[in-house]
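Encoded as C-alpha cells, the structure appears first; notes follow it.
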Amino acid sequence: MDLENELRQAMADHVTDVSAPGTLATDAKRRHHRTVRRRAAFAVGAAGVIVAAGMIPAYHTIRPQTVGADGPAGRKNGQQTARTPSASPTPSVDARSSSPGAGSKGSPSAERPKRPAADQGPDLGAVKALLGYLPRGLTAKPCTTEHTGTKETKTCRWSGSTGWIEVRLVHDGGLKTPSDLGLAPPLAKAFRVHGHPGLRSDGPAVPSQIMWIERHGLGVWVGVSPSLGGSITRIADSVNVT
C-alpha cells in the first residue's frame, strides 16, 4: 500500500464517528440571508450619501441670495446698492472760501505780501533816468536804501560786460562840503561838477570816484570800475538829481 492510500484510510477512520447536526443547513441559510440584508442596507446607505452630496451644489445654486449674503448674487446686489447715487447730494464747500480773510487766487495779496514802499526803492525806470549817459553793455539794478541816524543813503548800480557804475545819493541836513560825505580818499583832488565844488580821485588799479554837494542836504557820490575811468567825468555830468 502506498502513502496516498494510507492517508485516505487514516482520514476515513478519523471522521467515521463524526456526524453533522440536523440544523446545520437551516443555520447556514439564516446566516446567508443575514449577510445579504446587511450588504443591501450598506449599499442603500452609501447610495443615499452620494445622492445627498450631489444635491448640495444644486441647493446653493437654486437658493435665493440676500443683499448681504456672500456669493456671486449677494456681491452683485451689494455692488449695485453701493453704486446707487444719493437722491439729494450735499454740495461741497470750498475750505478756502469759508476761511475768513482769504484772498482770491488771482489777487496779488494772496500770492505774496507787499513790502512797504520805503523798502522797495525807485523802480528801474527811475534808476535809468538817474543817468543821462550810460555806456553800452551795462544794465540797471534795483536801488537800496540805508539809514544811519538822520542820514539816508540811496545806492543805485549798473553792471555788465564793460564794467560797473555806482551812484550814491546822501540826504543829510548837516552836509556842507564834499568831505562831509565821509567817502573821500586821502589823495582826492578838487573838482567841479554842475558848477558845484567837488572832489575827485583816480588810480590805475582803484575805482575812480567823484563827489559833490548838489544842494543843501543832498550830496552825490559817483564811482566807476577802472575800465570806465576815462568816462567818469561824462557820467558824473549826466547825473540827474531832482
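The values are calculated or read from the model by the stated rules, or taken from the named source; none is laboratory data. This is a predicted model, so every value here is computed, not measured. In this analysis, Cβ positions are derived from the backbone assuming ideal geometry, glycine residues included, and neighbour counts consider all displayed protein chains. Accessible surface is based on the protein model in full, side chains and every heavy atom, while ligands, DNA and RNA are left aside. Shrake-Rupley method; radii C 1.70, N 1.55, O 1.52, S 1.80 Å.
Which condition breaks for Arg192 when tested against (1) basic (Lys, Arg); (2) more than 20 Å from Cys143 (Cα to Cα); (3) within 56 Å of the chain's Cα centre (by Cα)?
(3)
Starting from residues that are among the polar types (S, T, N, Q) and loosely packed, with under 10 Cβ neighbours inside 10 Å, keep the ones in segment 1-25 and report whichever is modelled with the lowest pLDDT.
Step one: of segment 1-25, the residues among the polar types (S, T, N, Q) are 5, 9, 16, 19, 23.
With loosely packed, with under 10 Cβ neighbours inside 10 Å added as a condition, the list becomes 5, 16, 19, 23.
On the way: Asn5: 80, Thr16: 67, Ser19: 63, Thr23: 76.
Ranking the qualifying residues of segment 1-25, first place goes to Ser19.
Looking at segment 201-211, which of the residues that are open to solvent by 50 Å² or more (accessible area, probe 1.4 Å) and over 54 Å from the mean Cα position of the chain (by Cα) is modelled with the lowest pLDDT?
Applying the filter and picking the extreme gives Pro204.
Where in segment 89-180 are there helices (runs of 4 or more DSSP H), lying wholly inside it, with at least 1 residues that are open to solvent by less than 90 Å² (accessible area, probe 1.4 Å), modelled with pLDDT of 90 or more and under 24 Å from Ser227 (Cα atoms)?
Numbers: elements: 95-98, 108-111, 117-120, 124-130.
Qualifying helices (runs of 4 or more DSSP H): 124-130.
Could you check segment 181-197 and list, in sequence order, the residues that are closer than 24 Å to Ser159 by Cβ and crowded, with 18+ Cβ neighbours inside 10 Å?
Those that are closer than 24 Å to Ser159 by Cβ and crowded, with 18+ Cβ neighbours inside 10 Å: Leu181, Leu183, Ala184, Val193.
Among the residues of segment 212-221 satisfying the criterion of being of a type in the set (A, V, I, L, M) and in contact with a Lys or Arg (Cβ under 8 Å, 6 or more places away or on another chain), which is surrounded by the most Cβ atoms within 10 Å (Cβ to Cβ)?
In the first step, residues of segment 212-221 are kept if they are of a type in the set (A, V, I, L, M); the result is 213, 218, 220.
Imposing the further condition that a residue be in contact with a Lys or Arg (Cβ under 8 Å, 6 or more places away or on another chain) reduces the set to 213, 220.
Values: Ile213: 21, Val220: 23.
Selected residue: Val220.
Of the residues in segment 181-223, how many are outside any strand (DSSP E or B) and closer than 16 Å to Arg234 by Cα?
Selection size over segment 181-223: 4.
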